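Values in this text are rule-based calculations from the coordinates and carry no lab data. Please read these numbers as outputs of a predicted model, since none were measured by experiment. FYI the Cβ positions are ideal-geometry reconstructions off the backbone, even for glycines, and counts take in every protein chain you see.
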Amino acid sequence: MKYILSFVLTLVVSSNLLAQIGEPKGAYKTPKGFKQKSHNLFMSDRLKKSTAQRDSLYDLAIQYAKDTTERGIAHRKLTNEFNDLTTRYNDLDRKHKGLQVDYAEMNIRYTDLLKSSLSKTEQLNMALKQKGEELAQREKRLVELEAYIRRQDSITNALNDIVKRALLSFNSDELTVEMKNGKVYVSLSDKLLFKSGSADVEEKGKDAIKKVAEILNKNPDIDVLIEGHTDNKPIKTDKFADNWDLSTARASNIVRLLSDENKVNAKRLTAAGRGEYMPKVSNDSPEGRAKNRRTEIILSPKLDELYKMIDKN
């Protein structure tokens, strides 16, 4: 019997904003009573401040891209560890089946020897007892693993239903909720979240993020990965060097909304920019490109108990 173990461990914490970097403060208003010369001086100072704020934001975008690369390295490391654990589980299953074959063979030998030699029967009886105890222990561990996997599947199914009910007010072209690989995927279109070429979250998108945050705050044993995705149309602006840069900034802003405004523990959150490199469908049509421009919130029940159970084997 095979069991598909699903796992995404994300352990990387989003970087805090540097306190020295100022946020844009909005439009300046010219004080009343300014004469032309004073007005020109005021406007020059305003230009210097705006330029400094723009440069600070560009430096911050570069830092986000660096952080995403580091998280990607950590994610690949954890994926390799998960694959190693899966291999160990498969080895245990093969050993278990081998022990069952050994047990059957020794039982046959036991019956034959019982007819010919009492001393040999006693020796074999001890060996059978030892093998039986070993087999019983391994069967017990396999039963525990199966029960835990079923419980994890039940948790994921329940979580999928809760998220769907919470987001019923949104249209299917704005967001979708589906369960795959033991995780719940909430896919939000850029139509819901962002204006074209922007990483600032729109008000309706903030409402969707708030509903997801309410679920996360009630279910603390769920890790969250936020992935930004774009289509394959290239972008280059003063803020974003390319699609990867844009997708990273969008994912980071969603993380910031969850942690800063909706109080989700930042230790549970990871942001990643995928750019155009993981499309859902072909980019050959406007409809396909629209589906690929999305942000995915991936909810993963923690698997700490499963790791402990596998390590025992």
Go through the stretch 71-77 residue by residue and turn each phi into a ³J(HN,Hα) via Karplus (6.51, -1.76, 1.60, θ = phi - 60°); whole Hz please, and just put x for glycine and proline.
5, x, 5, 5, 5, 5, 4
State the three equivalent ellipsoid semi-axes of the stretch 50-304, derived from the C-alpha gyration tensor as the square roots of 5 times its eigenvalues, in descending order and whole Å.
54, 19, 17
Sorting F170, F194 on the 10 Å Cβ count, fewest up front, what's the list?
F170, F194
So how far, in whole Å, is the C-alpha centre of the stretch 236-252 from the one of the stretch 121-166?
46 Å
Among GluC sites (Glu not before Pro) in the stretch 182-273, those in a DSSP loop whose Cβ has at most 16 other Cβ atoms within 10 Å are E202
Cβ density ranking, 10 Å radius, fewest first, applied to L145, L135, L168 yields L168, L135, L145
Distance (nanometres) between label positions extended 7 Å along Cα→Cβ at K49 and E81:
4.7 nm
Distance violations [Cα-Cα > 28 Å] among K77/K302; K206/K267; K218/K239; K195/K302
K218/K239; K195/K302
Sequence neighbours fewer than 8 away in the same chain don't count; with that in mind, list the aspartates and glutamates whose C-alpha is under 17 Å from K263.
D207, E214, D221, D223
Evaluate the distance, in nm, between pseudo-label points positioned 7 Å from the Cα of Q63 and of L92 along their respective Cα→Cβ axes.
4.3 nm
